[in-house]
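S.K.: I'd like to ask you about the structure that follows.
Since every read-out is calculated from the coordinates, none of them should be taken as a lab result. These figures come from a predicted structure and were not determined experimentally. In this analysis, Cβ positions are derived from the backbone assuming ideal geometry, glycine residues included, and neighbour counts consider all displayed protein chains.
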Amino acid sequence: MLKITILFCLVLALTGYRFRLLTMSGAVLTLVVGSGVSVGFGWQGLAVLLLFFGSSSLLSKVGRSKKQVVDTIVEKDGARDGWQVLANGGVALFAALAYTMTQEASYQLLFLFVIAASNADTWASEIGPLSKRDPWSLKTFRRVPAGTSGAMSVIGTIGTIAGAAFIACTASLIFSLPIPMAVLITSIGVLGSLFDTIFGATWQRVYRCSICGELTEKRIHHQTPTSYVSGIRILGNDAVNFLTSGLAGGIGFIFVRFW
Ligand SMILES: [Zn+2]
């Protein structure tokens, strides 16, 4: 079975690369993370990863025209690179390896916590921009363009809860977990997305385009290098995703381990 799941990951990585959903480094790390998760959690773990990547990819196709504004703000659009795959899959890979060595159920939950947090955050950023009103920034307490890190909207918050609950419910069916676990996974997923919004508002780096004057996460805007405005310089979107899903997952892990 393991050979089949790893072969499946290889086909997935190559297909992603072929259709430009993944860059070369993104394809290599998809193979590494997918294989590691298959070793630790079998096809069930791989199925959870697929539900995350599949649902996010489908949602990214919804309301394309409304999201063109978002694409000018967010750091990365288009093909996922290796850093993006690690930002969402790094802790999952660690959990899979730790579970392989210890067989401790808490590592299985850690895996589900971080995927729920990543999924909550991704659904929020795909569903939020469909809102008629611009989101509200936690940094300036004003309305800001959709796609700005650290901003919240009602629709985006619904997306967050739905994204976390989607992983919690499907994973509970796949792994036969009791209902209280599904509630805990949903809560940790929402917590991770909340951390992401707070970190995004406070510490994530922001640049300004000298051509159009807009704030952006991109280093290049209108074919011109942007200038640094605020935030911690090494904290881009991937680092924030990694830290916040890891932090929420870690809190959930400590909770199930010691209470
Ligand atoms: Zn510009």
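S.K.: As a test of the definition: which semi-axes, in Å, follow for the range 2-258 when you take the square root of five times each eigenvalue of its alpha carbon gyration tensor? Largest first, please.
M.R.: With the √(5λ) rule applied to the range 2-258, the semi-axes are 30, 21, 16 Å.
S.K.: How big is the C-alpha Rg of the range 39-167 next to the rule-of-thumb value 2.2 N^0.38 Å, as a ratio?
M.R.: 1.15
S.K.: Now for a separate question. Any chance you could count the Lys pairs in the range 2-258 whose alpha carbons are under 27 Å apart, treating pairs 8 or more apart or on different chains as valid?
M.R.: Summing the qualifying lysine pairs gives 16.
S.K.: What does the net charge come to around residue 207 if you take all other residues with beta carbon closer than 11 Å to its beta carbon, with K and R at +1 and D and E at -1?
M.R.: Net local charge, residue 207 excluded: +2.
S.K.: A further question on this structure: Let me check I've understood the local charge: for residue 134, count other residues with C-beta under 10 angstrom from its C-beta, Lys and Arg +1, Asp and Glu -1. What total comes out?
M.R.: +4
S.K.: Let me ask something else about it. On a 0 to 90 degree scale, rounded to 10, what angle separates helix 82-102 from the longest Cα axis of the chain?
M.R.: With both axes taken from Cα atoms, the answer is about 20 degrees.
S.K.: Just in the range 40-120: which trypsin sites (Lys or Arg not before Pro) are loop by DSSP and have at most 11 other Cβ atoms within 10 Å?
M.R.: In loop regions of the range 40-120 (DSSP not H, G, I, E or B), the sparsely surrounded trypsin sites (Lys or Arg not before Pro) are 61.
S.K.: Let me check against my output: what whole-number percent is the relative contact order of the range 38-112, with C-alpha pairs under 8 Å and at least 6 apart?
M.R.: Relative contact order comes out at 38 percent.
S.K.: Which net charge results when you count Lys and Arg as +1 and Asp and Glu as -1 among the other residues whose beta-carbon is under 14 Å from that of residue 11?
M.R.: Charge balance near residue 11 sits at +2.
S.K.: Please list 191-201, 35-45 highest first by mean number of surrounding beta-carbon atoms within 10 Å per residue.
M.R.: Those peptides, ordered most packed to least, come out 191-201, 35-45.
S.K.: Next question. So how strong a dipole does the chain carry about its Cα centre when Lys and Arg Cβ are +1 and Asp and Glu Cβ are -1, to the nearest 20 debye?
M.R.: 560
S.K.: Can you tell me, using C-alpha contacts under 8 Å and at least 6 residues apart, the relative contact order of the range 105-257 as a whole percent?
M.R.: Reported as a whole number, the value is 28 percent.
S.K.: Taking loop as defined by DSSP and a crowding limit of 14 other beta carbons within 10 Å, which trypsin sites (Lys or Arg not before Pro) in the range 172-230 fit?
M.R.: Qualifying residues, ordered by number: 219.
S.K.: Shifting gears a bit: Could you work out how far helix 237-258 tilts from the main Cα principal axis of the chain, as a 0 to 90 degree angle to the nearest 10?
M.R.: Once rounded, the angle reads 40 degrees.
S.K.: Per residue, what volume in Å³ does the convex hull of the Cα atoms of the range 36-114 enclose?
M.R.: Per-residue hull volume (Cα only) is 92 Å³.
S.K.: Also: Any idea what angle helix 105-127 forms with the longest principal axis of the chain, computed on alpha-carbon atoms, 0 to 90 degrees, nearest 10?
M.R.: The answer is roughly 30 degrees.
S.K.: Any idea how far apart residue 62 and residue 258 come out in nm if each label point goes 7 Å out from Cα toward Cβ?
M.R.: So the two model labels end up 3.9 nm from each other.
S.K.: Helix-only mean residue ellipticity at 222 nm, the chain, DSSP H runs n ≥ 4 weighted -39,500 (n - 2.57), per residue, nearest 500. What is it?
M.R.: Estimated from H runs of four or more residues: -23000 deg cm²/dmol.
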